[in-house]
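A short worksheet on the structure shown next.
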Amino acid sequence: MAKKSVAIIGGGSAALMLASEIDTSKYSVTIYERNQGLGRKFLVAGKGGFNLTHSTPMEEMKTKYIASTPINNALDSFDNEQFIDWLKTEGIETFIGSSKRIFPVKPIKPIQVLQAFENKLIANKVAIEYATTWQGFEGDSLKFTNKDEEEIIVNPDIAIFALGGASWQITGSLGDWLSHFEEKGVKTIKFSPSNCGVLIKWKEKFVKTNEGQPLKGISVNCGDLSKKGDLIITKQGLEGSAMYALSSEIRKELDEHGDAEVYIDLKPTTNIESIIRKMNSSRKKNSWSEHLIWQLKLSKPMFDLIKRTCDKEEFLNPEFLAKHIKKIPIRVRGFDDMDKAISTVGGIDLEEINENFQLKNMPNTYLIGEMLDWDAPTGGYLLQACMSMGHYLAKQL
């Protein structure tokens, strides 16, 4: 019996796992990748600290996702522990970091993890067409162009799209394919940044003094979400893991009100009463400012942020100031440029796919990965979901 043909469009994380696990005794599989190599975003993400997944138990881990039944089912089917075991069988040992994130043991680098996947593809007899860009549908077929601008028409039995989102365009994630699905009557959602820095209208003097400086050991709150961590003051606003984790709530407020209110707690482990007591302690010959810095162990950026967000009378009032330090209001005007975002939301509406990631109105056409409209924080959550989707679909086919 002749094998059915499978075209995988895109060569990122979800596609790598799918092609590694798909049964090539039943299918003839070809990956069509617009770049000259696979896993470009996979490699770029690894430069900033290569979290493969997170060690939190999956039931708790799933609470961090804004997703739908198919994605949650995929996470259950191939969870973080199974992914760690899978990596181990491919020669990639891992360890749990202090943040509970999972990393490859040193000196294993991202390129070596990618090579393990590529070796798996070779063993699985998966063909790869590089520098081949999908240009849309041609009736029931797929239209591509290669590096020589030659048009290629492919008519696979099964088409699986893993095109990624619209962040980090240098990796090839352009998000320029939405219109092709819209022409087929598939509902799409405009891409928006996630896990991204935010825009704040700082006073010029504050930026001049503090641009590039950290706010360490703080907590940030927006709506129902709160996150401890660090932030970096930028010319445009704030960035860092503590802010990235609030992306969904910030986006909700921006959509509803045009701006968003976040609150920074500079001393999340110290209560208001303790702060007041320290401020009311004897200050000898120190100025009020020197006394605050010494007693509360404030960094210069912390002190400047306090002073620039209250008036003189409030600054001299210990009761007000203690509450202020625990809840400094910051007005967010928007997200930084989408190309700087770690991930995006938007793409294909999740209502368009069934429980096996197949488009409801396009039989034998499947969608996985970041091209779907779901969201998750950084720290291994994004990569885990992409790997889970790829693995899950491979076992369903």
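The values are calculated or read from the model by the stated rules, or taken from the named source; none is laboratory data. All figures in this text were calculated on a predicted structure; none of them were measured in a lab. Heads up, the Cβs are rebuilt from the backbone with ideal geometry, glycines too, and the neighbour counts pull from every protein chain shown.
What to note about this one:
- Of the criteria (1) in contact with a strand residue (DSSP E or B) (Cβ under 8 Å, 6 or more places away or on another chain); (2) under 30 Å from residue 168 (Cβ atoms), which one residue 351 fails: (1)
- Test: residue in the range 64-85 that is more than 20 Å from residue 344 (Cβ to Cβ), among the basic types (Lys, Arg) and surrounded by fewer than 22 Cβ atoms within 10 Å (Cβ to Cβ): no
- Qualifying residue in the range 346-368 (condition: of a type in the set (Phe, Trp, Tyr), closer than 30 Å to residue 249 by Cβ, touching a helix residue (DSSP H, G or I) at 6+ places or on another chain (Cβ under 6 Å) and not assigned by TED's automatic domain parsing to the domain that holds residue 265): yes
- Any hit, the range 114-125, residues being within 23 Å of residue 245 (Cα to Cα), of a type in the set (Asp, Glu) and assigned by TED's automatic domain parsing to the domain that holds residue 367: no
- Tallying residues that are over 16 Å from residue 57 (Cα atoms) and of a type in the set (Gly, Ala, Ser) within the range 77-97 yields 1.
- Odd one out for residue 164 among (1) outside any loop (DSSP other than H, G, I, E, B); (2) small (Gly, Ala, Ser); (3) crowded, with 18+ Cβ neighbours inside 10 Å: (1)
- Check on residue 74, modelled with pLDDT of 95 or more, over 30 Å from residue 149 (Cα atoms) and within 20 Å of the chain's Cα centre (by Cα): yes
- Within the range 123-142, tally of residues that are in contact (Cβ under 8 Å) with a residue 60 or more places away in the chain, surrounded by fewer than 16 Cβ atoms within 10 Å (Cβ to Cβ) and under 27 Å from the mean Cα position of the chain (by Cα): 2
- Between 323, 285, the distinction of being in a helix (DSSP H, G or I), outside the structural domain of residue 163 (by TED's automatic domain parsing) and more than 30 Å from residue 169 (Cβ to Cβ) belongs to 323 only.
- In the range 17-39 there is at least one residue matching the filter, namely being closer than 17 Å to residue 112 by Cβ and surrounded by fewer than 18 Cβ atoms within 10 Å (Cβ to Cβ).
- Candidates are the residues of the range 352-361 that are crowded, with 18+ Cβ neighbours inside 10 Å and in contact (Cβ under 8 Å) with a residue 40 or more places away in the chain; the one that is farthest from residue 181 (Cα to Cα) is 357.
- Qualifying residue in the range 50-60 (condition: in contact with a Gly (Cβ under 7 Å, 6 or more places away or on another chain) and of a type in the set (Ser, Thr, Tyr)): yes
- Residue ID - surrounded by the fewest Cβ atoms within 10 Å (Cβ to Cβ), chosen from residues in the range 245-300 that are among the hydroxyl-bearing types (Ser, Thr, Tyr) and closer than 18 Å to residue 333 by Cβ: 263
- Long-range neighbours under 6 Å by Cβ, at least six apart or interchain, first residue under 25 Å from residue 309 (Cα atoms) within the range 186-206, second surrounded by fewer than 19 Cβ atoms within 10 Å (Cβ to Cβ) and of a type outside the set (Asp, Glu): 199/333; 199/334; 203/308; 206/308
- When the range 138-152 is filtered for residues that are in contact with an Asp or Glu (Cβ under 8 Å, 6 or more places away or on another chain) and of a type in the set (Lys, Arg), only 143 remains.
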